[in-house]
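Q: Here it is: the structure, laid out below.
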Amino acid sequence: MNVLFSLMKLYEAERLHSGHAPQQPFRLNRRAAAPLPLGMTGFSLAGGGLDVNLLAPIWDEALRTPVAGPLACHLLERLNADQGTVFRRLAMMREALKARKAAGTAAAGLQSAGKAQQP
């Protein structure tokens, strides 16, 4: 838990220098074309589950830990409810990506339907 919240404090403090409020997700079309450190592969908004897979084992461990577990669960619940975390922003970005894809699919369907009706 200490490592998770310390890392969150680091990247959220750095994020404030971007000029974006914690509750404001980044726009989808402004991703820098730069490699991640240590040659890590990028995170996929569409198919990535790193955010969920990071929290799930911590939550599971908290549920099984008798003394510190309730405090850890409380902190994880607060983390989940907070509108200004990377986890919430990623969820909003995923929804925006789904909406964009749905709009593109609908537009493509309208275009192909219009072409099919032309003589």
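Q: Given 25 °C and 0.890 mPa s, how large is the Stokes-Einstein diffusion coefficient of the chain in µm²/s, with Rh as the Kirkwood radius over Cα pairs?
A: Using the Kirkwood radius from Cα pairs, D works out to 141 µm²/s.
Q: Quick one: what Rg and Dmax do you get for the stretch 49-104 from the alpha carbons, in Å?
A: 14.6, 51
Q: Suppose each label sits 7 Å from its Cα in the direction of the beta carbon; what would the GLN24-ASN2 distance come out to in nanometres?
A: About 3.5 nm separates the two model spin labels.
Q: ARG94: net charge of surrounding residues, Cβ under 13 Å, Lys/Arg +1, Asp/Glu -1, itself excluded?
A: +3
Q: Would you mind putting 78-88, 1-11 in packing order, based on average other-beta-carbon counts within 10 Å, highest first?
A: So the peptides 78-88, 1-11, ranked by packing, come out 78-88, 1-11.
Q: Taking +1 at the Cβ of each Lys and Arg and -1 at the Cβ of each Asp and Glu, which of ASN80, LEU38, SER6 sits farthest along the dipole of the chain towards its positive end, judged by Cα position relative to the Cα centre?
A: It is LEU38.
Computed from the coordinates by the stated procedures, all read-outs in this text should not be read as laboratory data. Since the model is a prediction, treat every value here as computed from it, not as a measurement. Reconstructed Cβ throughout: ideal geometry from the backbone, glycine too, with neighbour counts over all protein chains shown.
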